[in-house]
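Right, one structure below, let's go through it.
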Amino acid sequence: MIPQEERTPISVSALNELACQLLEGSLGHVYVIGEVSGFIHHRSGHWYFTLKDEQAQIKCACFKGQQRGVSFQMRDGLQIIVQGKVTLYQPQGSYQLVVTGVWAAGAGLLQQKFEQLKKKLQEEGLFDVHKKRALPRFCHRVGVVTSTEGAAVCDFIRVAQAYDPEIQILVLPTRVQGQGSAQEIVAMIEYASLHAQSLGLSALVLTRGGGSIEDLWSFNEEIVVRALAACTIPTISAIGHEIDYTLCDYVADVRAPTPTAAAQLVAINKAQLKETLAQYVLHLKQLVSLQVSARKSQIQARALILKDPARQMSQYRQALDDKLSKMESALGMRLNGSQKKLQQLQAQLQSRHPQLQYVYYKQHLQQIQQMLGHHVRAQVLKQQQHNQALAGRLQAMSPLSVLSRGYSVTINQDTGQAMTQSNQIQEGHQIKVILEQGALIAQVIQCVSSAKLTSD
């Protein structure tokens with residue numbers, strides 16, 4: 001029996017919703033390396049595949065909008081690294097990874113990641129020239145985000161003070177490489193941006209010495225680039241040597257090839273700050289306040305009425321793909337049936353083609369003509385035989401045939417009628433007696449009746 005406190009069950013959808021929230025809330029975004037298996041490029045443009053290693057596997061979905069930075073052809077058997085969010089596809093209750101970034105594993109991974117992120121940010125407009133701000137002509141105080149242990153900061157301070165002894169330099173110390181360094185750099189940029197007025201900063205310099213792409217990678221991290229793009233004061237990127245390029249170089253208002261060159265740029269830029277600082281700070285304060293207030297109101301309003309839109313959208317997209325697959329299957333079956341019916345109709349139509357009909361009826365007509373000819377000849381022959389029989393019978397019944405046996409035909413000379421009785425003529429009248437050959441004209445001497453003839 002179910003305990004009293006556990007008698008209220010929840011629906012399957014509610015259970016899946018709780019599981020989804022637990023997965024997304026506890027794991028967040030992760031990086032996973034594995035082999036691609038069962039890759040499907042759906043008609044909608046989305047990718048579905050399984051990422052596996054020797055002992056386990058996980059289903060993955062990469063939607064069309066997240067594929068822009070992928071420069072290679074996805075296929076089964078490919079070893080890749082993906083970035084994504086662990087979630088649950090609620091309609092099927094299946095655990096999956098919604099992929100937001102894909103890179104080929106192996107040599108050149110960092111360079112490939114660099115190019116992909118560069119392309120993505122460039123398409124968003126973070127590198128647009130019209131967004132670049134001019135540095136103040138004279139700088140009174142400059143913020144420098146860098147490591148206090150490197151030679152770059154010493155070179156910067158030495159050159160800047162040599163050009164302008166009155167310039168003030170505020171060093172914002174941070175690690176510039178290694179795990180966690182990107183977050184520290186972002187914190188310093190945001191600190192300088194937020195407190196620029198109180199600190200009296202007219203520009204912010206991001207600098208460090210040279211090194212390999214791995215050493216400089218903190219300045220290629222997306223969070224650092226976006227933080228630098230959002231900085232409220234003009235920025236200078238002076239990372240590494242002249243041949244070294246990072247994504248911060250593209251997003252900064254000005255790129256200096258070396259830390260020394262950056263110092264030369266800011267050492268003379270302070271007079272303009274004295275003329276415009278009051279208006280700029282007031283405007284900046286109002287703008288930031290309005291933006292923060294507006295964003296806060298929007299977030300609060302949307303938080304009341306919306307769940308996570310990205311997760312809901314991924315659920316809808318995947319459900320739409322499922323329905324599209326079912327619809328395509330149904331349409332395919334219907335199309336096959338229609339094609340078979342069309343083939344049958346074509347066969348029937350071919351059998352009734354006018355040319356075939358013409359040949360058939362021509363042969364049929366020839367057969368009828370032959371049959372009609374045979375029938376007509378048979379009828380003519382039959383009729384000839386019948387006529388011959390009738391002629392024979394007529395010949396047999398003809399008076400002329402009787403005459404050949406010694407009989408004769410007597411005709412009344414006056415009336416021209418054949419006589420069969422003696423009372424048909426009177427004595428003294430002439431009669432004509434027709435013989436087999438020739439005839440006799442005679443005069444009646446006496447008429448004798450049949451009865452008298454019999455008695456005699």
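The values are calculated or read from the model by the stated rules, or taken from the named source; none is laboratory data. These numbers come from a predicted model, not from an experiment. Cβ atoms come from the backbone with ideal geometry, glycine included; neighbour counts cover every protein chain shown.
If I ask for residues that are assigned to a helix (DSSP H, G or I) and of a type in the set (D, E, K, R), which ones from region 366-409 would you list?
Within region 366-409, the subset assigned to a helix (DSSP H, G or I) is 366-397, 399-403.
Residues satisfying the conditions are 377, 382, 393.
What do you reckon, is residue 254 within 13 Å of residue 144 (Cβ to Cβ) and in the same structural domain as residue 157 (by TED's automatic domain parsing)?
On the way: within 13 Å of residue 144 (Cβ to Cβ): no; in the same structural domain as residue 157 (by TED's automatic domain parsing): yes.
Spelling it out, it is not the case that residue 254 is within 13 Å of residue 144 (Cβ to Cβ) and in the same structural domain as residue 157 (by TED's automatic domain parsing).
Looking at the structure I just gave you, is residue 152 in a helix (DSSP H, G or I) and either among the polar types (S, T, N, Q) or closer than 13 Å to residue 205 by Cα (or both)? Against the criterion (in a helix (DSSP H, G or I) and either among the polar types (S, T, N, Q) or closer than 13 Å to residue 205 by Cα (or both)), residue 152 qualifies. Screening residue 145 against (1) among the hydrophobic types (A, V, I, L, M, F, W, C); (2) in contact (Cβ under 8 Å) with a residue 60 or more places away in the chain; (3) assigned to a loop (DSSP other than H, G, I, E, B) leaves a single unmet condition, (3).
Show me the helices (runs of 4 or more DSSP H) found entirely inside region 219-308 where at least 2 residues are surrounded by 11 or more Cβ atoms within 10 Å (Cβ to Cβ) and either of a type in the set (Lys, Arg) or at pLDDT below 85 (or both). Reasoning before the result, please.
On the way: elements: 222-229, 247-251, 259-266, 271-305.
Here the list reads 271-305.
Scanning region 129-161 for residues that are over 18 Å from residue 190 (Cα atoms), in contact with a Gly (Cβ under 9 Å, 6 or more places away or on another chain) and of a type outside the set (Asp, Glu) yields 131, 140, 150, 151, 152.
Of all residue pairs spaced 6 or more apart or on separate chains, those with beta-carbon atoms under 8 Å, a first member in region 45-69 that is of a type in the set (Asp, Glu) and a second member that is surrounded by 19 or more Cβ atoms within 10 Å (Cβ to Cβ) are 53/34.
Scanning region 54-103 for residues that are crowded, with 16+ Cβ neighbours inside 10 Å, more than 22 Å from the chain's Cα centre (by Cα), in a loop (DSSP other than H, G, I, E, B) and hydrophobic (A, V, I, L, M, F, W, C) gives a single hit, 78. Restricting attention to region 10-54, the residues that are modelled with pLDDT of 80 or more and either outside the structural domain of residue 79 (by TED's automatic domain parsing) or among the hydrophobic types (A, V, I, L, M, F, W, C) (or both) add up to 9. In this structure, is residue 359 closer than 30 Å to residue 443 by Cα, surrounded by 10 or more Cβ atoms within 10 Å (Cβ to Cβ) and out of contact with any strand residue (DSSP E or B) (no Cβ under 7 Å at 6 or more places or on another chain)? When the stated conditions are applied, residue 359 does not pass them. Here residue 51 passes the criteria (1) assigned to a strand (DSSP E or B); (2) of a type in the set (A, V, I, L, M); (3) touching a Phe, Trp or Tyr at 6+ places or on another chain (Cβ under 8 Å) except the one numbered (3).
For region 203-217, check the following and say yes or no: at least one residue is farther than 21 Å from residue 255 by Cα and outside any helix (DSSP H, G or I). I'd like the intermediate steps shown before the answer.
First, pick out the residues of region 203-217 that are farther than 21 Å from residue 255 by Cα: none.
No: zero hits.
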